[in-house]
Amino acid sequence: MSILLIHSANVSRRGHLLRMAKYAKDRQERFILIMANPTWEQGLVDRALDVNTANLDEVVAAVRELASSERDHIRAVLTFSEHSVTAAAAAAAELGLLFVSQQSARLARDKYAMRRAFENEGLVQPLYGLARNIAEARQQAERIGFPLVLKPLIGGGSQHVRRIDSISELDTHFESCRIESWADLSYDPLCGRTMTNYEAALLLEGFIPGREVSVESIVDGDNTNVVAVHDKPLPQAGPFFEEYFYSTPSQLSQVVIDGVKASTASAHRALGITIGATHTEFRILPDGTPVILEAAARLGGGPLFESVLLSTGVDMIAAALDLAMGDKPELTMRRLPTPAGFCQFFAKKPGQVKGIQGVTEALEIPGVRDVAIYCESGDDVGVPPYVMQGYGHAVFSATTFEELTAVFNSLQQLIQVEVD
């Protein structure tokens, strides 16, 4: 028997692939990978197919050929990549395997369609609208009000997302954001269709002040099992929205967390998500009302799964794979979660990496479990809003939230991406 991963190149997902490889080995399953230009990934799998995952027709053709040639029956399909959710849904449909439907996969990627689905479900969300040009952007801004947020219709990791505070800022940034975001999304299988359908528009949303949280869930039919709620303790006020620090368990009150959980379940109903791991983001208003930002039909990125495991004892990768194989996932959580979290490391300026400082010292800090750097000397690096993630991460735990914050502060001082 085999399990199939539909993937996009992303060094921050190395831990995901390592965990999936162990899962496959423990169950004596072959691990098959489909992605474009696999490199180091080939060493972690039993078979790798070089396929252009930006083209859904090529993915389906490759899966069809794989099913006819692979000696072992393919039992499950999974993805860890935002940009491969629709490709994985297409592969699962071709093979008759469990995954979110192709319709749900598209709703979870198309941010305007997602907003409309949330509206139909009655979820509290920002005011929003589409703009194809600056004239339409000005009209939407008059209706929505400032501050607002410019956002690509597809994509992830806050890439090309920008806060706008005035008409003059809108005039300055709208067109460059629109052109650059669509150009950078050409690798996404939904790019061509979405760009045509929306006439290369941008999404405008009202900026929601307040604390931001992310919710990691396992969905099994009508049941939404919220495994962890991570706070983003640093202010997310813009103009860009780089995510430096996640911590769990949340410092929100239980009443507010209960509201977040209920809204997460409503988001899954709105998008038709009935299986798998999900990642949902909210802003919390001063009165405790959760305002949904977006939901993804896949596991949270970077080391989120490691933070969840460290805090709750739940292995979300194993749970997602169990569901994909038709099994019941193990979701028993610790009675008292361990304070845990992770942080990312960003370059201070764009350029070429000349060195990474502080990794050895960081590993000596009590509570630090892992430090991973995604770049090396000579690599070109960028800065928000032109990047989807940092250039490394650390995962850590402590006995209190205050201690967790102290570890974060030490890591941010120690680890530096030096750029020419």
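The values are calculated or read from the model by the stated rules, or taken from the named source; none is laboratory data. What you are looking at is a predicted structure, and each value in this text was computed from that prediction instead of being measured. All Cβ positions, glycine included, derive from the backbone under ideal geometry; neighbour counts span all protein chains shown. The accessibility values were calculated without ligands, DNA or RNA, using every heavy atom of the protein model including side chains. Shrake-Rupley method; radii C 1.70, N 1.55, O 1.52, S 1.80 Å.
Considering only L66, T53, L5, the residue lying farthest towards the positive end of the dipole of the stretch 1-93 is L5, judged by Cα position with unit charges set on Cβ. Would you please classify the overall shape of the stretch 198-262 from the alpha carbon gyration tensor, given that a ≥ b ≥ c denote the square roots of the eigenvalues, rounded means a/c under 1.5, and beyond that prolate means a/b larger than b/c while oblate covers the rest? Note, shape of the stretch 198-262 comes out oblate. Counting only protein heavy atoms and a probe of 1.4 Å, the accessible surface of the stretch 8-128 is 44% carbon and sulfur. Accessible area per residue for the chain is 41 Å², calculated with a 1.4 Å probe on protein heavy atoms, without ligands, DNA or RNA. Over the C-alpha atoms of the chain, the Rg to Rh ratio, Rh being the Kirkwood estimate, stands at 0.94. Which one of G156, I167, P209 has its Cα pushed farthest toward the positive end of the charge dipole of the stretch 147-209, where Lys and Arg give +1 and Asp and Glu give -1 at the Cβ? My answer, from the dipole projection, is G156. What the Cβ-Cβ distance of T196 and N120 gives, at R0 = 22 Å and to the nearest 0.05, is a FRET efficiency of 0.35. Note on the chain: with charges restricted to the Cβ of Lys and Arg (+1) and Asp and Glu (-1), its dipole about the Cα centre is near 520 debye. Using only side-chain charges placed at the Cβ, +1 for Lys and Arg and -1 for Asp and Glu, the dipole size of the stretch 71-142 relative to its Cα centre rounds to 100 debye.
Surface listing: T360, T274 arranged by accessible area from highest to lowest gives T360, T274, probe 1.4 Å.
Note on the chain: dipole from Cβ charges, positive end direction compared against Y386, T278, L309; the farthest Cα belongs to T278.
Keeping all protein chains in position, work out how much accessible area Y391 exposes to a 1.4 Å probe, and write it in Å² to the nearest 10. Surface accessible to solvent at Y391 totals approximately 40 Å². Secondary-structure-derived ellipticity at 222 nm for the chain, considering helices only, amounts to -10500 deg cm²/dmol, per-run term -39500 (n - 2.57) for DSSP H runs with n ≥ 4. Normalised by 2.2 N^0.38 Å, with N the number of residues, the alpha-carbon radius of gyration of the stretch 272-400 equals 1.26. For the stretch 1-153, the relative contact order comes to 20 percent (Cα pairs under 8 Å, sequence separation of at least 6). The charge dipole of the stretch 170-264, taken about the Cα centre with unit charges on the Cβ atoms of Lys, Arg (+1) and Asp, Glu (-1), comes to about 180 debye, rounded to the nearest 20. Straight-distance candidates among the aspartates and glutamates for linking to K25, with alpha-carbon spacing under 19 Å and chain neighbours fewer than 8 residues away dropped: E41, D46, E70, D72, D315, D322, D327, E330.
Charge tally for S377 (other residues, Cβ to Cβ under 13 Å; Lys, Arg +1; Asp, Glu -1): -4. Multiplying the residue separation of N223 and S176 by 0.36 nm and removing their Cα-Cα distance gives an extension gain of 12.7 nm. On the stretch 253-377, 52 percent of the accessible area sits on carbon and sulfur atoms, based on a 1.4 Å probe.
Electrostatic bookkeeping for Q251 treats Lys and Arg as +1 and Asp and Glu as -1; over the other residues with beta carbon under 14 Å from its beta carbon, the sum is -2. Sequence-ordered 3J(HN,Hα) estimates for the stretch 355-365 from the Karplus curve with 6.51, -1.76 and 1.60 and θ = phi - 60° stand at x, 10, 10, x, 5, 4, 5, 5, 5, 8, 6 Hz, glycine and proline given as x. Centroid-to-centroid, using Cα positions, the stretch 366-395 and the stretch 45-111 are 28 Å apart.
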